[in-house]
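A.B. asks: To start, I am sharing the structure in question, which I have written as structure tokens.
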Amino acid sequence: MNNSGTPLLRSFGIQVRVTNALIMREVITRYGRHNIGFLWLFLEPMLFTLGVTTLWTIIKATHGTSLPITAFAITGYSSILLWRNCSNRAVKAIEPNLSLMYHRNVRVLDVFAARLILEIVGASTSIIVLSILFISVGWMNPPADILTALTGWILLAWFAFSLGLAVGAASERSEVIERVWHIFTYLLFPLSGAGFMVDWLPKQYQDIILWFPMVHGTEMIRHGYFGNAVRTYENPFYFSVFNMVLTLVGLALIRETGRRVEPE
Amino acid sequence: MISLDNVAKVYHTREGARTVLEGINLSIAKGEKIGVLGRNGAGKSTLIRLISGAELPTRGKIHRGISISWPLAFGGAFQGSLSGLDNVRFICRVYGAPIEPAIEFVREFSELGTYLREPVKTYSSGMRARLAFAISMAVEFDCFLIDEIVAVGDSRFHEKCHIELFEKRKDRAMIIVSHSADYIREHCQRAAVLVSGKLHSFEDVDDAFSYYESQP
């Protein structure tokens with residue numbers, strides 16, 4: 001974030017410093033220094049996922065298939081939390097940080113990056129802790145192919161990050177985006193592949209649902225968890241290209257927002 | 001060396017585009033102290049923000065060859081829900097300054113005691129001013145940008161600030177914006193006057209002062 005020809009290595013150093021400072025600032029204002037403090041970062045998504053897992057177990061959400069419900073719910077709901085929390089936290093992220101933008105090196109992108117990194121760390125810790133917990137008590141088998149699951153998760157985190165940039169920057173442009181986005185996330189919930197496997201759908205619906213990028217993430221994570229016990233339809237190439245385009249759109253919007261921001 | 005080359009700033013308001021600064025040229029050498037006079041709304045603070053890099057110019061170039069502070073004023077640059085100490089830590093992290101000595105300095109200079117652990121939004125304006133000034137002196141810069149710093153603080157604190165800024169740091173460059181000609185006369189070698197978005201530079205502070213006075 002410089003225009004006066006600062007050497008790349010120094011710029012990188014500044015970037016790390018500023019992002020770190022903003023992450024610490026977020027942690028303190030969000031979770032405080034009292035009680036269990038920043039543990040809420042992943043306890044909150046964990047409790048959410050646990051609640052949904054319980055609910056889905058009771059209503060037998062696997063629709064009579066032999067799929068283990070715990071692993072199904074944890075992979076599904078964690079995926080949703082990842083991109084939903086990211087985009088929600090990015091909405092209207094500038095205003096509470098406006099006074100900090102008096103400092104030249106604190107830029108719009110840094111404010112978003114700090115929040116998004118925190119959400120990704122929280123959601124990732126949540127799914128890892130829950131998996132270890134349930135595997136150790138025997139309610140879940142270890143992932144069949146941990147590398148595939150991890151790749152799926154990383155691609156989904158990339159999606160969450162770029163979505164956060166785009167939605168966050170757009171929400172600074174207009175109040176409408178801010179309101180409509182929350183409705184949008186609810187509508188996307190049933191379409192995100194969290195509550196079903198693509199394989200369960202009739203062929204013509206499969207073709208439609210596979211246009212939704214996050215479906216590919218969820219499918220890939222489940223492919224990793226269940227291995228060949230399920231048939232999945234992810235296309236990592238399509239997902240990556242989508243992410244790349246979304247990242248570019250997000251960065252362009254951020255750049256435009258950065259020009260208009262006026263510190264208090 | 002800091003230089004501004006044909007800098008302009010346009011804000012978009014409800015009534016359309018409003019040009020606040022136009023065709024600004026200015027250069028400041030290391031250790032030089034320059035004052036900028038202007039009435040309320042002349043664009044002084046905008047100019048300071050552009051030099052600091054907190055805002056970007058609409059047109060023109062700003063070159064920063066030395067390290068420049070953020071716009072020092074008695075307030076601002078804080079996050080209200082963070083405590084005084086957490087604000088110090090934040091600023092140290094952003095500028096890569098060591099945290100412990102800075103906290104020590106702020107504790108001693110601001111005389112805020114246990115209030116340093118309270119959120120800044122609960123501070124009175126006098127307390128904010130003390131914290132703001134203390135933090136600004138805890139990080140070192142080659143050039144300080146000073147925005148209307150005269151107004152606040154009791155006389156004892158005012159004296160402390162004066163020693164810290166103008167005596168201990170008299171080798172640094174400073175850009176001081178103010179509507180008080182006396183303040184600028186006391187601290188600057190040369191001055192410029194901002195009138196309706198244009199900057200008029202003078203080699204002599206008294207010339208700047210008489211031009212400033214002659215403006216309607």
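The values are calculated or read from the model by the stated rules, or taken from the named source; none is laboratory data. Treat the numbers as computed from the prediction; the structure is a model and nothing was measured. Cβ atoms come from the backbone with ideal geometry, glycine included; neighbour counts cover every protein chain shown.
A.B. asks: In this structure, is residue B:133 more than 16 Å from the chain's Cα centre (by Cα), under 30 Å from residue A:28 (Cβ atoms) and away from every other protein chain (no Cβ under 14 Å)? Spell out how you get there, then give the answer.
C.D. replies: Values: more than 16 Å from the chain's Cα centre (by Cα): no; under 30 Å from residue A:28 (Cβ atoms): yes; away from every other protein chain (no Cβ under 14 Å): yes.
Here the answer is no, as residue B:133 does not meet what is asked.
Every residue, every condition in (1) of a type in the set (A, V, I, L, M); (2) within 30 Å of residue A:106 (Cβ to Cβ); (3) surrounded by fewer than 14 Cβ atoms within 10 Å (Cβ to Cβ), yes or no:
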residue	(1), (2), (3)
A:222	no, no, no
A:228	no, no, yes
A:232	no, no, no
A:254	yes, yes, no
A:258	no, yes, no
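Conditions tested, residue by residue: (1) polar (S, T, N, Q); (2) under 29 Å from residue A:211 (Cβ atoms); (3) surrounded by fewer than 21 Cβ atoms within 10 Å (Cβ to Cβ).
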position: A:120; (1), (2), (3): no, yes, no
position: A:134; (1), (2), (3): no, no, yes
position: A:162; (1), (2), (3): yes, yes, no
position: A:175; (1), (2), (3): no, yes, yes
position: A:189; (1), (2), (3): no, yes, yes
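A.B. asks: Provide a single number: the residues in segment B:91-104 that are within 11 Å of chain A (Cβ to nearest Cβ) and among the charged types (D, E, K, R). Break it down into steps so the answer makes sense when it comes.
C.D. replies: Initially, segment B:91-104 is screened for residues within 11 Å of chain A (Cβ to nearest Cβ), giving B:91-97, B:99.
Okay, now just the ones that are also among the charged types (D, E, K, R), so B:93.
So the answer is 1.
A.B. asks: Sticking with this structure for a sec: Looking at the structure I just gave you, is residue A:256 in a loop (DSSP other than H, G, I, E, B) and either among the charged types (D, E, K, R) or under 30 Å from residue B:46 (Cβ atoms) (or both)? Steps first, answer last, please.
C.D. replies: Details: in a loop (DSSP other than H, G, I, E, B): no; either among the charged types (D, E, K, R) or under 30 Å from residue B:46 (Cβ atoms) (or both): yes.
Here the answer is no, as residue A:256 does not meet what is asked.
A.B. asks: With respect to the numbered conditions (1) within 14 Å of chain B (Cβ to nearest Cβ); (2) at pLDDT below 95, which one is the sole condition not fulfilled by residue A:114?
C.D. replies: (2)
A.B. asks: Does residue A:65 satisfy being away from chain B (no Cβ under 14 Å) and part of a helix (DSSP H, G or I)? Full working, then the answer.
C.D. replies: Values: away from chain B (no Cβ under 14 Å): yes; part of a helix (DSSP H, G or I): no.
No: the conditions fail for residue A:65.
A.B. asks: Can you list the strands (runs of 3 or more DSSP E) found entirely within segment B:13-90 that contain at least 2 residues being surrounded by fewer than 18 Cβ atoms within 10 Å (Cβ to Cβ) and more than 13 Å from chain A (Cβ to nearest Cβ)? Walk me through how you get there before you give the answer.
C.D. replies: On the way: elements: B:16-28, B:33-38, B:59-64, B:68-72.
The qualifying strands (runs of 3 or more DSSP E) are B:16-28.
A.B. asks: Report, ordered by the first and then the second residue, all pairs with beta carbons closer than 6 Å, sequence separation of six or more or different chains, a first member in segment B:104-129 that is within 16 Å of residue B:90 (Cβ to Cβ), and a second member that is part of a loop (DSSP other than H, G, I, E, B).
C.D. replies: B:119/B:81; B:120/B:78; B:120/B:80; B:121/B:80; B:128/B:75
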